[in-house]
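Only one structure is covered here, and it is reproduced in the block below.
Please treat every number below as a calculation from the coordinates, not as lab data. Everything numeric in this text was worked out from a predicted model, so none of it was measured. Neighbour counts are summed over all protein chains in view; Cβ atoms, including those assigned to glycine, are modelled from backbone coordinates with ideal geometry.
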Amino acid sequence: MLAGCLLLCVLGFLWSWGSWRGKKIIHVGLWVTSFIFFCVCMTYHQEVISCVVGGLGWSMKDSMSVSLMCLSFWVISLSCLCSLSVSSCSHFMMVMWGVAFSLLVAFSSGHISLFYIAFEGSLIPMIFLILGWGYQPERVRASMYLSMYMVGGSLPLLSVIVLSHSLWGSTYFFLFPGSEVVSGVWAFSVLGAFLVKLPVFSAHLWLPKAHVEAPVAGSMLLAGVLLKLGGYGLMRSIWWWDVSCRGVLSELVVAVSLVGGCLTSVMCLRQVDVKSLIAYSSIGHMSLVVAGCFSGSILGWQSACWMMLSHGLCSSGLFAMAYFSYLRVKSRSILLMKGGLSVAPYLCMWWFLLISMNMSCPPSLNLVSEISLFFSGIFFQCLMALPLSLMVFFTAAYSLYLYGATQHGSSPGFVCPYVGPAGVPLSVGFMHWVPGNLLAVFCGSLC
């Protein structure tokens, strides 16, 4: 991980250099960096229940945290690759360094207090990305929504951390006495900090606004990595509060998330903004993560981790393709993006491959995780088969709608061919789609 940080710093220096030669080196360096982290992610194997602790307990790692750290650096590298033409390169790279550092600390922290600082600290560079490189004046409102939801949802968790430290003097992950402080309804209010970050239905209004107003790097980081902080925190902390997987509150949370996932999948069919459609689809996928976390089975936990990894690659790639199509049309409207097959066929190829991955076509990791989550959901409650089946159907429906509406038909007369760098879309599409399919073969070594 230290080598990865050094590589990221070197690439940032080359970026801030600003010459065309530096950007060529960045392009090659991003390929090398991504390949290194992909190899580390595939070759690292550790039992799910085991953990390596170091630094007097301040740092720890297991297969889940290492996989998410590799995903973080992977998505950050690709988001930098998509933002080669951004203004104020040095400031932009400082923000990206802040995101990388906060994610590295969050996924490797051994104390919940340190995790909370990094958990909330990742919000600051995201606000800088939205405010500094956003597209429209509504980015101020989107930043306000993002900050209010994140800070307001995590206040109960902060109060419990402070109370536990004052009573027991420890915030270590494996010794955290959470169940002795709160239980029942209060436990779910504390877990709300992670449920809002995922986000679950009824606490999701910040997500479409932030995605629509964020630049391409912000959208890729939000969908690819920052939503995974909620799932990671939920899986780390769900046993602190002694939450019963068969309790009324657990079944209520899972039912609301799955029904909300179905509703947001239906809402995707009436969206006219490409980024808004992809953002609403993320809510449906993350609702499956909630169901896997509360299933009370090892299969459910593993499949929830697989879903986070596959969604991080697939959704980030879809936002990148939406950006490249935006460069051609200068609009995010689905009605104006039609005819991509005749204007930019190589973009259409990656649209097809990533959308097929989004709708869980074989041999993607999405397919493995959705099948496992389906069986773990039925194990949790047989009635969950109905919303899970509806979600699978509507996912295929809006995926086909997105592909057909943007790539087929006649292109508007004022649309010009794609004018961006030709090698970047091919590289970004390849480095999103190939890992999402190869990791299905090595899913036994993940999480």
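Kirkwood Rh and Cα-based Rg: tell me the resulting Rg over Rh for segment 333-376, rounded to two decimals. Let's see the in-between values first.
Numbers: Rg = 14.3 Å, Rh = 12.0 Å.
Rounded to two decimals, Rg/Rh equals 1.19.
Working out 0.36 nm times the residue gap between I378 and L335, then minus their Cα-Cα distance, what length gain in nm do you get to one decimal? Don't skip to the answer; put the middle values down first.
Numbers: separation 43, 0.36 × 43 = 15.48 nm, distance 3.90 nm.
Length difference between fully extended and current span is 11.6 nm.
Sorted by packing (mean other beta-carbon atoms within 10 Å per residue), highest first, where do 389-401, 345-357 land?
On the way: 389-401: 18.1, 345-357: 19.7.
Peptide ranking by packing, descending: 345-357, 389-401.
Kindly rank 279-291, 106-118 from highest to lowest mean number of other beta carbons found within 10 Å of each residue. Kindly include the intermediate steps, with their values, before the conclusion.
On the way: 279-291: 27.4, 106-118: 20.6.
Descending packing order for the listed peptides: 279-291, 106-118.
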ask   = Taking the Cα atoms of segment 244-447 alone, what are Rg (to one decimal) and Dmax (as a whole number) in Å?
value = 17.7, 59
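Using the structure shown, list the pairs from K61/K209; K228/K338; K61/K197 with a Cα-Cα distance above 30 Å, or answer none.
Details: K61/K209 33 Å; K228/K338 32 Å; K61/K197 22 Å.
Cα-Cα > 30 Å for K61/K209; K228/K338; rest within.
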Simple label model, 7 Å out from Cα along Cβ direction - L84 to Y135, nm = 2.1
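For segment 244-447, what relative contact order do you get, as a whole percent, if you take Cα pairs closer than 8 Å and at least 6 residues apart? Kindly include the intermediate steps, with their values, before the conclusion.
Values: 296 pairs, mean separation 60.6, N = 204.
Relative CO of segment 244-447 lands at 30 percent.
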ask   = Which length gain, in nm to one decimal place, applies between M349 and R270 when the Cα-Cα distance is subtracted from 0.36 nm times their residue separation?
value = 26.0 nm
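Highest mean first, how do 153-162, 131-140, 319-328 rank when packing is the count of other Cβ atoms within 10 Å averaged over residues? Mind showing how you got there, number by number?
Working: 153-162: 18.1, 131-140: 15.0, 319-328: 23.2.
Per-residue mean Cβ counts within 10 Å order the peptides as 319-328, 153-162, 131-140.
First measure r as the distance between the Cβ atoms of A397 and S170, then evaluate 1/(1 + (r/R0)^6) with R0 = 60 Å and state the FRET efficiency to the nearest 0.05.
On the way: r = 50 Å, r/R0 = 0.83.
After rounding to 0.05, the efficiency reads 0.75.
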note = Sorted by chain and number, the residues with a modelled amide H under 5 Å from that of M60, at a separation of 5 or more or across chains, are G54, S109, G110
